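First comes the structure, then the notes that go with it.
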Amino acid sequence: MIEIRELTKKYGSFTALDQLNLSLEEGIVFGFVGSNGAGKSTTFSILATLLSPTSGDALINGKSVVTEPEEVRKQIGYMPDFFGVYDQLKVDEYLDFYGASYGIRAAERKVLIPQLLELVNLTNKRYDYVDLLSRGMKQRLCLARALIHDPKVLILDEPASGLDPRARVEMRDILRDLKSMGKTILISSHILPELAEMCDEIGVIDNGKLIAHGNVATIQAQLQGEKRIVVKVAERLHEVRTFFEEDSMISAIDIVDNRSEIAFNYRGTEADQVALLKKAMLADMPIYALSEEEKDLEDVFMSITKGADSQ
Amino acid sequence: MMERFYNPVLVKELKLRFRSFKSFSGLMFYLSVISIFIAGFLLLTTEFTGKGFFSPDMSFMMFAVLTIVQMALVLFITPSLTAGAISSEREKQTLNILLTTTQSSTQIIIGKLFSSVAFLVLMLVAGLPLYSLVFLFGGVSPSQLVSIFLFYLVTVIAIGSIGVMFSTITKKTIVSMIATYGSIIFLGGITAFFFFLTMAFHQMGSATGASSSFMTYFWASINPGALMLTLISPSIGDALIELTGIELPVWVTYLIVYVLIIVFSLTVAIKKLRPNMKSNR
C-alpha cells in the first residue's frame with residue numbers, strides 16, 4: 001500500500017530525511033516515533049504531497065507522490081500537527097466545503113456529513129461555528145474532514161497533541177473504529193506508548209534515519225539488548241550483591257532504594273539466566289524472587305535514540 | 001451541469017466575506033466617500049457660485065472627477081481584498097489542508113481572485129445609483145459609462161491578480177500588501193511621472209529635431225488615470241496621438257498590457273501555489 005524508497009529531503013546543508021526506506025501493507029496502523037525534528041513531519045508532508053523530496057520517491061497505492069500528486073491526494077486523508085479553521089463557518093459548512101473540494105456531489109455530501117459527525121461524536125455541534133469549538137472537538141472535526149472522500153490511507157501527524165486525557169481517549173476510540181474499517185493509518189505521536197496497543201507496526205526515526213521498524217514486541221526484543229533484572233533478597237543483601245558482581249555478564253548493579261532488592265543489567269541468554277539462578281541456589285543465596293523489569297515503548301525509544309545520538 | 005462549474009473556494013470565500021463586518025464597513029466607507037464627494041460638488045457648483053442651477057458642462061465635469069475618484073478608490077481597496085488571499089490562509093494554518101484536497105491550483109487561485117473581484121463589482125454596482133445622478137443633468141452618454149465600467153473591471157482583475165500573485169509568493173500578508181501597493185504606485189504614479197518626463201524630453205527633442213514619442217505613448221497608455229481621461233474626453237486621446245504620432249488608441253494598448261499582467265500574475269500564482277510539486281496545474 002505504501003512504499004517509500006530512498007526518500008531524502010535536504011534544506012541547504014541540513015538533511016531532514018536521509019534515504020528512508022519503508023514498506024507498509026494495506027490495513028495496518030503504523031506508528032511513527034521520533035523526537036522533535038527527527039523527520040516525522042517531513043516524511044508525512046512528502047506523503048501528503050505538500051513537499052517534494054530532494055531524491056527518492058514514495059508510492060501510495062502505486063501512485064507516486066512526485067509524478068502523480070493529484071492521484072495521491074485522492075488516496076489520502078491528511079491531518080497536520082498544527083492547523084487552523086475558518087472563522088464564521090459552521091461545522092456542516094466546513095465539511096461541505098472540503099467535500100466539494102474533493103469533488104463530491106452536493107447530494108452525496110448531504111448524506112455523508114451527518115454520518116461523519118456521528119463517527120466523531122459531533123452530531124450535536126453541526127450548526128455551531130467551527131472557531132468556537134474546543135481543541136479536542138476541532139481535532140475530531142479535522143479527522144472527519146480527512147475522511148470525507150473515504151481515503152484508503154490516513155496520515156495523522158500528532159493527532160492527540162494538546163488534548164486533555166478525556167479527548168485523547170475519545171480520539172483513540174475513533175482511531176480504533178477507523179482501524180476496524182480497514183483504513184491504513186500512519187500516525188505520529190509523542191504519546192505513542194498510549195497508542196502502542198493499537199499500532200501493528202512501529203517505526204523509530206532519528207536524525208532523518210529510520211533506526212528501527214517492526215511490531216512493538218519485535219522492536220523491544222531487538223533493541224533492548226540488555227535486560228534489567230530485579231532480584232528480591234530475604235537477608236544478607238551485601239553478600240548477594242558480591243555474588244552477582246562476580247558474574248561477567250552482569251553490569252550496573254544497584255541496591256534499589258536501600259531495600260531488599262538488587263537490580264542489574266544482564267547480557268546473557270535465557271539459558272545463561274537459568275544457569276545463573278541455579279548457581280545462586282547452589283551457593284545458598286537467600287533469593288525469593290527474580291524478575292525482568294518491564295520497559296515500555298517510551299523507555300525503548302529513549303534508549304535507542306540516545307544510542308543513535310552517540311553514534 | 002452546475003456541479004461542473006462549482007468552485008468550492010469561490011463559494012466559501014463569498015460566504016465568509018459577506019458574513020464579515022469588515023466587508024460591510026468597507027462598502028459603507030466607499031459609498032460614503034462617493035456621496036460626500038457628489039454632495040460637495042453639487043453644493044460648490046450651485047449654492048456657493050450663486051447660480052442656483054447645474055449645467056450639463058458641470059455635470060460632465062462631475063462625471064469626470066467622479067470617475068477618477070472612483071478609480072482611485074478601487075485601486076486603494078483592491079489590494080486589501082486580494083493581497084492576503086493565500087498568505088492569510090498560510091498564516092491561519094489552513095493552507096496545507098486546502099492543498100491536500102483534489103482541487104487544482106488553478107481552481108484555488110481563480111476562486112480566490114473571483115471572490116475578491118465579485119465584492120469589488122458589488123461595490124461598483126452599489127455606487128451606480130449615485131453615479132447615475134449625472135444622467136439627471138445630461139452631458140454623458142451611457143456607452144461612455146459602460147466602457148468606463150468595463151475598464152474598471154479590467155483594472156480590478158489586473159490589480160487583483162498582482163495581489164494574489166504576491167500573496168502566493170510571499171509568506172506574510174503585510175509583505176504582500178506592501179508589494180501590491182508598490183505595484184499600484186508604479187502603475188498609477190510612476191508611469192505618470194515618466195510620461196511627463198518623456199514628454200518633456202520629446203518636446204526638447206522636437207526642438208532639436210530628435211524624437212522619443214514611443215515611450216511617452218507607452219507610459220500614458222499603461223496609466224489608469226490617463227486611460228480614464230481618454231475615455232471621458234476622447235479629445236485628450238486625440239491630443240496624445242498628435243503628440244506621439246502613434247495612431248493606436250490608448251485603450252487598446254492598455255487592454256493588451258493589463259491582460260498580459262493578468263496572465264503573467266495568475267500563471268506565477270498557479271505555479272507557485274504548490275511550489276515543490278513537479279506536476280502542477
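The values are calculated or read from the model by the stated rules, or taken from the named source; none is laboratory data. Just so it is clear, the model here is predicted, and its values are computed rather than measured. Neighbour counts are summed over all protein chains in view; Cβ atoms, including those assigned to glycine, are modelled from backbone coordinates with ideal geometry. Ligands, DNA and RNA are excluded from the accessible area calculation, which covers all protein heavy atoms including side chains. Shrake-Rupley method; radii C 1.70, N 1.55, O 1.52, S 1.80 Å.
Sites counted here are chymotrypsin sites (Phe, Trp or Tyr not before Pro) in a DSSP loop (not H, G, I, E or B) having no more than 11 other Cβ atoms within 10 Å; the longest part of chain B that contains none of them is B:54-281. For chain A, with all protein chains in place and a probe radius of 1.4 Å, 48% of the accessible heavy-atom surface sits on carbon or sulfur.
Can you pick out the pairs among A:Lys63/B:Lys272; A:Lys125/B:Lys272; A:Lys110/A:Lys138 whose Cα atoms lie more than 25 Å from each other? Flagged as over cut-off: A:Lys125/B:Lys272. Peptide A:103-115 shows a mean partner chain C-beta count of 1 within 10 Å per residue C-beta. Other residues lying with their Cβ under 11 Å from the Cβ of B:Leu10 contribute a combined charge of +3, Lys and Arg counting +1, Asp and Glu -1. Note on A:Lys227: lysines with a C-alpha under 16 Å away, same-chain residues under 8 apart excluded, are A:Lys295. Other residues whose C-beta falls under 9 angstrom from the C-beta of A:Ile2 contribute a net charge of -3, scoring Lys and Arg +1 and Asp and Glu -1. Over all projection directions, the Cα-based convex hull of chain A averages an area of 20.0 nm². Burial annotation for the stretch B:87-102: residues with an accessible-area loss of at least 40 Å² between the isolated chain and the complete set of protein chains, computed on heavy atoms with a 1.4 Å probe, are B:Lys92, B:Gln93, B:Thr94, B:Asn96, B:Ile97, B:Thr100, B:Thr101, B:Thr102. In the stretch B:5-36, burial by the other protein chains removes 20 Å² or more of accessible area from B:Tyr6, B:Pro8, B:Lys12, B:Lys15, B:Leu16, B:Arg19, compared with the chain on its own (1.4 Å probe, ligands and nucleic acids ignored).
Of all DSSP-defined beta bridges confined to the protein assembly as shown, some 65% are antiparallel rather than parallel. Only protein heavy atoms count here, probed at 1.4 Å, and on that basis chains B and A bury about 3000 Å² of accessible area in total. For chain B, excluding the exposed loop sites themselves (GluC sites (Glu not before Pro), DSSP loop, at most 11 other Cβ atoms within 10 Å), the longest remaining stretch covers B:48-246. Remark: the protein assembly as shown carries 46 Å² of accessible area per residue (probe radius 1.4 Å; ligands, DNA and RNA excluded). For the listed residue pairs A:Lys9/B:Lys172; B:Lys22/B:Lys112; A:Lys90/B:Lys171, the alpha carbons are over 20 angstrom apart in A:Lys9/B:Lys172; A:Lys90/B:Lys171.
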